[in-house]
1. Can you tell me the orientation of helix 53-63 relative to the chain, as the angle in degrees between its alpha-carbon axis and the longest Cα principal axis, to the nearest 10?
2. What ranking do 42-53, 79-90 get when scored by the average of other Cβ atoms within 10 Å per residue, highest first?
3. Return the long-range amide H neighbours of C188 (sequence gap of 5 or more, or a different chain), with a cut-off of under 5 Å between placed amide H atoms.
4. Which one of M23, V174, L73 has its Cα pushed farthest toward the positive end of the charge dipole of the chain, where Lys and Arg give +1 and Asp and Glu give -1 at the Cβ?
5. With a probe of 1.4 Å, find how much accessible area the chain has per residue, and write the answer as a whole number in Å².
6. If you take the Cα Rg of the range 109-214 and divide it by 2.2 N^0.38 Å, with N the number of residues, what do you get?
7. Taking Rh as the Kirkwood radius computed over C-alpha pairs, what is the Stokes-Einstein D of the range 3-123 at 4 °C in a medium of viscosity 1.567 mPa s, expressed in µm² per second?
8. Setting aside same-chain residues fewer than 8 positions from K201, which lysines have a Cα under 17 Å from its Cα?
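The values are calculated or read from the model by the stated rules, or taken from the named source; none is laboratory data. Computed from a predicted model, the values in this text were never measured in an experiment. Every residue, glycine as well, gets a Cβ built from its backbone with ideal geometry; the counts of neighbours run over all protein chains shown. SASA here: full protein model, heavy atoms, side chains in, ligands and nucleic acids out. Shrake-Rupley method; radii C 1.70, N 1.55, O 1.52, S 1.80 Å.
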Amino acid sequence: MTDTFQSPLTAQRSGPLAGKRAMVTGGASGIGAAITRSLSDQGAHVIVADMDAHGAAALAEEVGGSSWAVNLLKTEEFGEQGLAAAMDGVDILVNNAGIQRISPIQDFDPGDFRRILALMLEAPFLLIRAALPQMYERNFGRIINVSSVHGLRASPFKAAYVSAKHGLEGLSKVTALEGGAHGVTSNCVSPGYVNTPLVQKQIADQAIAHGIPESEVLSKIMLTESAIKRLVEPAEVGSLVGWLASEHAAMVTGSSYTMDGGWSAR
């Protein structure tokens, strides 16, 4: 892996994660950017991995980290050695990159289904697989998978997303069981709808799928199951990820931390 930006101040960082190297996929915007800032604020050197090369480099410069312009739908281009090199020195891996498609199953494009599973389940598996050997050698590692309430519950018109997130929850638990003896923890963070561009785009798609005005999507679709009637803020997710990456969470593994306003309590 070649970093496109490396801060000269990296060695001077302080905080509970000082000396740790983190990678955040889909790190240039939305939830990923909030996680990047949270980990950086605690002293970690953060690699912002994203398809958006400009956005990743800009955020890396802001936080004194580095960036990796990468399309995780093309992991086969790297091969095992390339992925191992990309994970070199990574202590904290946050699998966050994701996309969404809204469609009834009978109309769901099979290509979209495969792409979503490849990006949101296969790519995390490959990155975890590449990161674990070095984490085991150091007897320290944090795997944090940004799942969703849809990793625990289903909603109509989201066959691929729900399938991928359910799979990610299972992968995270297997990683926890295998990594426990080696100082590696693995957990999921499972928010409800987060106030990001991805969710804002869904409002229009959901309106079409359900045949209602966009102005009614939040109240009638997205927030109906939540006890707290608002979207989750990205910084709230970033804060939880920051705690899971810390020494305070050394005994927390194999868990899924919901941040869904009470949705999954039903």
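1. Computed tilt is about 60 degrees.
2. On the way: 42-53: 24.0, 79-90: 15.0.
Peptide ranking by packing, descending: 42-53, 79-90.
3. Here N145, S255, S256, Y257 satisfy the definition.
4. Towards the positive end, the residue furthest out is V174.
5. Working: 11770 Å² over 266 residues.
Ligands and nucleic acids excluded, the result is 44 Å² per residue.
6. Working: Rg = 16.2 Å, N = 106, 2.2 N^0.38 = 12.9 Å.
Compactness ratio reported: 1.25.
7. Details: Rh = 15.0 Å.
Using the Kirkwood radius from Cα pairs, D works out to 86 µm²/s.
8. K158, K220
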